[in-house]
Structures are given as structure tokens and as C-alpha cells.
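Taking it in order: structure first as C-alpha cells, then the write-up.
The values are calculated or read from the model by the stated rules, or taken from the named source; none is laboratory data. From a predicted model like this one, the values you see are computed outputs, not experimental measurements. FYI the Cβ positions are ideal-geometry reconstructions off the backbone, even for glycines, and counts take in every protein chain you see.
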Amino acid sequence: MRRLQHAAGAEPAPPEVVSGSAWIRSLAHPEAPSRLVVDDVTFAPGSHTIWHRHPCGQVLVVTAGAGWLQARGRPALAVREGDVVWVEPDEEHWHGAAPDQLLRHLSIQEHDDGRAADLGEPLAAGTYPPRPRDPEEDPR
């Protein structure tokens, strides 16, 4: 057992992955044979990822704010602080903050042969912000 050293501050998320501003703080990227990765991710209000998928799935633990997650072909899911979401392996999805609130979450996933995610295209016009299924699902 050992204490993992992680970045003291967050780094900007790559612009090819995020529309808007987001920051990633690496918490755990252990060496092989472990494939587990844990990041603390913060999205500025109105910021979100592009469509993407994770070969081994992903757990998102919302630690602050509010936002949405959406799997391709399914209604958007409103999330708030305290929510935990499982994204199935290879399930194409996006996630991000509400237009007027930040979203902070832990991203927990395994890398598959060093591959964390397969990137897709940016969201089409009208996809963000999503229209909630009913007013109670609006994260604001």
C-alpha cells in the first residue's frame, strides 16, 4: 500500500474533448497491472463533453453542482450532487454542466490497453441544453 501522489492543481481539459471550459485533476493513475483511473473533473456552466465512449465503462460520482448525462438515442438524465451514474462499456454518451451551474464529478474507469475513451463528434445543434422529460428533472 502506498499514498498516491496526484496533481495539486487541475489542468484544462483538452479542447478536442470539451465544448467550453473544464478542468481535470488526476487523483489516481496507478501503474500496471492496474488499469483503474480516477479523475476529479469540473465543468464550467454550459460546458460539456463531445460524444464519446469508454471501452470498460465509467462511474461518475457527482460531487457538486448540477448537469446532464445523455446516452445516444436516450433522453438526457439530470444529475445533482450526490448522484452516482454507471455508463455501460462502449455506451456512447456525453455529460456536462447545466447552463447556469458548474458540474463537478469523479470519473472512475479502467483503461483498456492504455485507451481511456474513443472520441466521437461534437453535439449537434439543439442537443444542449437538453429538454428534460418533466420539470422535476431540470437540474436547475
- Query: Failed condition for residue 121, given (1) of a type in the set (Asp, Glu); (2) modelled with pLDDT of 95 or more; (3) surrounded by 13 or more Cβ atoms within 10 Å (Cβ to Cβ), with all others met?
  - Reply: (3)
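Within the stretch 3-21, track down each residue that is buried (at least 16 other Cβ atoms within 10 Å of the Cβ) and of a type in the set (Gly, Ala, Ser).
Once the filter is applied, which keeps residues that are buried (at least 16 other Cβ atoms within 10 Å of the Cβ) and of a type in the set (Gly, Ala, Ser), the stretch 3-21 yields 13, 19, 20, 21.
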- Message: Out of the residues in the stretch 1-26 meeting the condition of being assigned to a strand (DSSP E or B) and among the β-branched types (Val, Ile, Thr), tell me which one is nearest to residue 113 (Cα to Cα).
- Response: 24
- Task: Determine, yes or no, whether residue 12 is closer than 26 Å to residue 131 by Cβ and more than 11 Å from the chain's Cα centre (by Cα).
- Result: no
- Message: Could you check the stretch 78-111 and list, in sequence order, the residues that are among the aliphatic types (A, V, I, L, M), more than 17 Å from residue 19 (Cα to Cα), touching a residue at least 60 places away in the same chain (Cβ under 8 Å) and out of contact with any Pro (no Cβ under 8 Å at 6 or more places or on another chain)?
- Response: 106, 108
- Pick from the stretch 60-71, criterion in contact with an Asp or Glu (Cβ under 6 Å, 6 or more places away or on another chain) and either small (Gly, Ala, Ser) or modelled with pLDDT under 95 (or both), ranking: nearest to residue 107 (Cα to Cα): 64
- Being touching a Pro at 6+ places or on another chain (Cβ under 7 Å) and crowded, with 16+ Cβ neighbours inside 10 Å is the filter; apply it to the stretch 22-47 and report the residue that is farthest from residue 101 (Cα to Cα). 23
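Check the stretch 98-108 and report whether any residue there is among the hydroxyl-bearing types (Ser, Thr, Tyr), within 12 Å of the chain's Cα centre (by Cα) and in a loop (DSSP other than H, G, I, E, B).
The answer is no, given that none of the residues of the stretch 98-108 is among the hydroxyl-bearing types (Ser, Thr, Tyr), within 12 Å of the chain's Cα centre (by Cα) and in a loop (DSSP other than H, G, I, E, B).
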- Here is a list of conditions, (1) out of contact with any Phe, Trp or Tyr (no Cβ under 9 Å at 6 or more places or on another chain); (2) of a type outside the set (Lys, Arg); (3) part of a strand (DSSP E or B), and residue 90 meets all of them except one; can you say which number that is? (3)
- Residue count, the stretch 72-87 (criterion: in contact with a Phe, Trp or Tyr (Cβ under 9 Å, 6 or more places away or on another chain) and small (Gly, Ala, Ser)): 2
- Message: Among the listed residues 53, 115, 140, 131, identify the single one that is under 27 Å from residue 27 (Cα atoms), at pLDDT below 95 and among the basic types (Lys, Arg).
- Response: 115
- Note on the structure: Considering the stretch 27-59, residues that are in a strand (DSSP E or B) and hydrophobic (A, V, I, L, M, F, W, C), and then whichever is farthest from residue 110 (Cα to Cα), we arrive at 43
